[in-house]
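Report on the structure given below.
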Amino acid sequence: MRTIPVKTASADYPVFIGRSLFSEIPRKIPAPGKVYVLTSPEIWALWGKKLLAAFPKSAQPTVLFLPAGERHKRLTEVEKLADQLASAGADRSSLLIAFGGGIIGDLGGFLAAIYMRGIDYVQVPTTLLAQVDSSVGGKTGVNLASGKNLIGSFHHPRAVFADIDVLQTLPDRELRAGLFESVKAGIIRDPALFRFMEQNAAAILARDPAALERVIVASIRMKAGVVAIDERESGLRMILNYGHTLGHAIEAATGFRVLLHGEAIAWGMLAALQIALDRKTVAPDQAGRIEQIILAYGPLPPFRATRAKLLAAADRDKKNRAGTRRFILPKGIGNAIVVEDVTEAELNSAIDWTLARAR
C-alpha cells in the first residue's frame, strides 16, 4: 500500500493506493458515530458485500443509493439523500463513505459538506477517473441544467482509498475516460508521467496492476502538490482545468448523456491544443506528441452540437471572471499556462475544428 499525503491550509489527509484496501477503512478511519455509504446500485452489486465485510456485524453501515448517470447529479437528489440521512438518525458524529465514481464522490462530498453544516466523509473511488482526479482536492458539487458543477463547495475528505482491484471490473470505456485525466496530468505538469504513458500504453490499457499503480500514484502526487500550493483555485490550481472549458461545454450541450466526463475532457484538450498552436505557444513537435497520446487512449466517441450551444456553455464556465474567458493552454509537455485573452474568434475556430473532427 502506498500513501500520499494531501496537505493544504485547511486540511491534512492521506490517500491510500493499493490492493484489497476495503478492510483498512474502519481501522484507518474509526468513526465515532454511525456510518453511511452512498453508492450506486451497479457498484453495490459488484463490491457491496466486500465493503460490508470490512465492518463488524454490530456496526454495519446504512446504505443509500444514487442512480447512475450525470443527469442525477442534481440538487433534487441531494435533498432526497439528506432526508434519508435524517430519517436514519445521522448526526454530526456520523461518517459518510462516498463509494463509487466521480458523480458519487462529487455529490456525496457536497452532501457531507452541507448536512448539519458539515459531517466527515471518506472517498472510496471505484473508477480510474475518480481515483486519479476527482476524489482528491476537496472540490464537491452538483450540476445545473445550464452547466456542470455550478453549485458546490470545498470540503475535504478524511481520507481517500484508491483500490486498484476495483478497476478490473471497470468497462473499457470507463477505464479510458480515466486515463485521459492522467494524460492531462502529464501534459500540464509531469513530463515523466507523460513519457511513461506514451511508452506503455499497451500495458496500461491491458490493466497491468503495476502499470496502473504507477499512473495512479503519479497522477495523485501531481494533483496533491498543486492543491497544496493553491487550495481554492486562485492561481496554479487552474491548470488542472486543462480541457475542461470546452469539455464541460460539450457535456452541457449534449445533455450529459452522450460522452463520459473524461471523453469530453479529451475533446476539450484537443480543442485547447488548437488554440495553443494558432498562438504559437506550443511547438508543433510537442503538440503532435500531445495529440498522439490523447488519441492513443481513445477512441474518442463522436458527438453532435452546434457552435452556438458550445459557445454559450463555455461563456458560463465558472473559471471566467468579470466577462474574461480563462483558458488553460499547453506550453509544452509538462507545462501549461492560464490565459485570459482568448478571443471569440479563437474560440469559434477551436469549436469548429472540434465539431468537424467529432462527427
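Side notes on the structure shown:
- Only residues that are touching a residue at least 60 places away in the same chain (Cβ under 8 Å), more than 25 Å from residue 209 (Cα to Cα) and part of a strand (DSSP E or B) were counted in the stretch 11-27, giving 0.
- Scanning the stretch 214-257 for residues that are among the charged types (D, E, K, R) and not in a helix (DSSP H, G or I) yields 230, 231, 232, 233, 257.
Results for (1) surrounded by 21 or more Cβ atoms within 10 Å (Cβ to Cβ); (2) basic (Lys, Arg), shown as yes or no for each residue.
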{"position": "243", "(1), (2)": "yes, no"}
{"position": "246", "(1), (2)": "yes, no"}
{"position": "249", "(1), (2)": "yes, no"}
{"position": "252", "(1), (2)": "yes, no"}
{"position": "264", "(1), (2)": "yes, no"}
{"position": "273", "(1), (2)": "yes, no"}
{"position": "276", "(1), (2)": "yes, no"}
{"position": "280", "(1), (2)": "no, yes"}
{"position": "283", "(1), (2)": "no, no"}
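- Near pairs, Cβ below 8 angstrom, 6+ apart or cross-chain, from the stretch 202-221 (farther than 14 Å from residue 191 by Cα) to any residue that is assigned to a helix (DSSP H, G or I) and among the basic types (Lys, Arg): 205/176
- Among the residues of this structure, residue 126 does not count as one that is free of Cβ contacts under 8 Å to residues at least 24 places away in the same chain, closer than 29 Å to residue 254 by Cα and of a type in the set (Val, Ile, Thr).
- Flag for residue 287 being closer than 22 Å to residue 171 by Cβ, free of Cβ contacts under 8 Å to residues at least 60 places away in the same chain and part of a helix (DSSP H, G or I): no
Only the coordinates and a few stated rules stand behind these numbers; no lab work does. Just so you know, these numbers come straight off a predicted model, no measurement behind them. Every residue, glycine among them, receives a Cβ derived from its backbone with ideal geometry; neighbour counts consider all protein chains shown.
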